[in-house]
Protein chains: 2
Amino acid sequence: MAAYLPTAVVTNEHFTQLNGLASDWIIARTGIEERRKAGPGENANTMAVAATEALLAEIPGFDPAGIDLIVAGTYTPHDTIFTAAHAVQRHLGVNEIPTVSISSACASLLNAVEIVEGYFATGKARRALVVVSEHNTAYNNEADTMAGHLWGDGAAALLISKDRLGPHDLHIAEVITGGAAPVGKADEAVTLKPVEKGIVMPFGREVFQQACLYMTRVTQTLLDRHHLAPNDLTYLIPHQANLRISVNVTKQLGLDPARALNNIQRLGNTGCAGAAIGLAEVWGTLQTGANVIVTVFGGGYSYGAMLLKK
Amino acid sequence: MAAYLPTAVVTNEHFTQLNGLASDWIIARTGIEERRKAGPGENANTMAVAATEALLAEIPGFDPAGIDLIVAGTYTPHDTIFTAAHAVQRHLGVNEIPTVSISSACASLLNAVEIVEGYFATGKARRALVVVSEHNTAYNNEADTMAGHLWGDGAAALLISKDRLGPHDLHIAEVITGGAAPVGKADEAVTLKPVEKGIVMPFGREVFQQACLYMTRVTQTLLDRHHLAPNDLTYLIPHQANLRISVNVTKQLGLDPARALNNIQRLGNTGCAGAAIGLAEVWGTLQTGANVIVTVFGGGYSYGAMLLKK
């Protein structure tokens, strides 16, 4: 598991100059202090490849020729035909394997993992690469005072094997995903219509409320099913849309706030990559017996939770 | 299985007036005589919903509440956050089920079916809706003399059940999918970069050649695995990118040309919906003992084949 972050940092002061939004105001409402921005020539495909490279650098003995499935997630596509999954496949040079890109908005990481589980169950794959990559700044209108300051860019890559590969592996105990498109203003609360351009979030308050509701509920379901108390978790990694959502979910669950992992302060909302980048950040520190839940909620609406054990 | 086609017809004469391309010239090179164009307010999401409605109208006793998985495919998204799969879910009002949209370019139908097979194998779903929808005209530059005249709009929906539901069911004997992104100019031969806008196909000749190669090969693989001769097929339904590709694949396989199903003459290239619309067109005519192969090839590159039996 590894992440890629573009080097350019955009501070809150950029939005103060642009839109008159004070840094303290942004921090109080979102937790965001700064975010990363992809450089010229970077996009969702190049960042997916860079995250894959970072992953391979972490497992020096591993031969990418053993990869037999690639699933990429993004709602900020560079190319919907030569997709992020294709870009990773081309970079690796592993031909003739199932390769697909998906979007369930900010929930794509967990839908991708669930798709991988399906390929494992049918016996069509044993070693899958999941890559999530968001180039929010390509579709963001910085001058949008409602949501322009929220978004950041980044990517992460996760190798999933049916068989244990090494001592740093985590076991995926269970994944739950769900669409909740019939709920509320799911059809208009957050949208990215490429032809009309731009990410907009006209109903941020409803997204906030539904995110708190769904991430808490699906995390509790997963805890219950596996007979875990909240504080049996080493980390809860919620989708990084707003620090106040994370705080709310943590509080509802009765979880020690120190166990909630957040990177939105440094990275902004990196879409479906946010929780994955968070997981990559703590991957190397996890000890035997660790339990981690990644929970997501996004536009559409889509939600999910995944329990990992070491 | 059912299709939705927008009502507006665009004839070749439109491109004669616009670009000076003679209708005979277009027909000789592509087989296309006319194509459909989505109306104002229509898009990939509304057409996905319309195809779903057409499907439900075909199975009057069926309760959509029994659907437990939705997979939509499109490379011409209306919204990458509230995706086509979400739009279908919201329309059906079936909450809290896995819902995901995908793109493997023109091959998405088969990747979607393969994903469904995975959910069936894990036991997480038993009754899935696959919807493919393309709004090519939203991203097409009609003035592009290389490819502007190729594209049409349309959608199709397929209900897949783990258990047999009725006498009109087909059995999915096998699905093969593959990415071939490392091959040739897969990264630039056909692309749709939403930020830069537009579908372009600067290397159409290579796409043509690879389509002929891959669709023939994967179809032959499927025939061999199931001990079928080409003329044991009731229909071969190839991806509808160019009538000459279909003719070439049919000839290479030694298949009776009358058994190759084509709709590109009437519909143009409807992307990942093309072969699905073709399947919907013959669905009601298939008799017990029928064998049908759907084979696809698209940008990226992605390819696949599916054997259906009645």
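What follows draws every value from the coordinates through simple rules; no lab data is involved. For clarity, every value in this text was computed on a predicted model and none was experimentally measured. Glycine also receives a Cβ, built like all others from the backbone with ideal geometry; neighbour counts cover every protein chain displayed.
What the table below lists for this structure:
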read-out: Counting all C-alpha pairs of the protein assembly as shown, share separated by more than 37 Å (%); value: 30
read-out: B:His226/A:Thr221 FRET efficiency (R0 45 Å; Cβ-Cβ; nearest 0.05); value: 0.60
read-out: Residue among B:Gln17, B:Leu69, B:Thr80 farthest towards the positive dipole end of region B:2-161, charges placed on Cβ; value: B:Leu69
read-out: Rounded Å value of the spacing that divides the Cα centres of region A:127-187 and region A:1-78; value: 11
read-out: Exposure proxy order (Cβ contacts within 10 Å, fewest to most) of B:Val10, A:Val292; value: B:Val10, A:Val292
read-out: For B:Arg225, B:Arg90, order by how many other beta-carbon atoms lie within 10 Å, fewest first; value: B:Arg225, B:Arg90
read-out: Between region B:275-310 and region A:240-271, the alpha-carbon center distance in angstrom; value: 46
read-out: Extension gain (nm, one decimal) between A:Thr288 and A:Phe62, 0.36 nm per residue minus Cα-Cα; value: 79.1 nm
read-out: Calculated diffusion of region A:242-285, Stokes-Einstein form, Kirkwood radius summed over Cα pairs, 4 °C and 1.567 mPa s, µm²/s; value: 117
read-out: Chain B, relative contact order [Cα under 8 Å, separation at least 6], %; value: 24
read-out: Convex hull (Cα only) mean projected area of chain B, reported in nm² to one decimal; value: 15.0
read-out: Label-point separation, B:Asn141 to B:Ala22 (7 Å along Cα→Cβ), nm; value: 2.6
read-out: For the protein assembly as shown, calculated [θ]222 nm from helices alone, where every DSSP H run of n ≥ 4 adds -39500 (n - 2.57); value: -10000 deg cm²/dmol
read-out: Over 23 Å between alpha carbons, listed pairs A:Lys193/B:Lys185; A:Lys37/A:Lys309; A:Lys310/B:Lys162; A:Lys197/B:Lys193; value: A:Lys193/B:Lys185; A:Lys37/A:Lys309; A:Lys310/B:Lys162
read-out: Footprinting exposure proxy for B:Val71, B:Val183, B:Val116 (fewest neighbouring C-beta atoms within 10 Å first); value: B:Val183, B:Val116, B:Val71
read-out: Karplus 3J(HN,Hα) series, Hz, for region A:183-193 with 6.51 cos²θ - 1.76 cosθ + 1.60 (x for Gly, Pro); value: 7, x, 9, 3, 7, 9, 5, 9, 9, 9, 9
read-out: Per the axis that maps chain A onto chain B, nearest residue of A (Cβ criterion) and its distance in Å; value: A:Gly118, 1
read-out: Largest to smallest principal axis extent of the C-alpha atoms in region A:218-310, angstrom; value: 31, 27, 20
read-out: Other copies of B:Glu142: label-to-label distances in nm, shortest first, labels 7 Å along the beta-carbon direction; value: 3.6
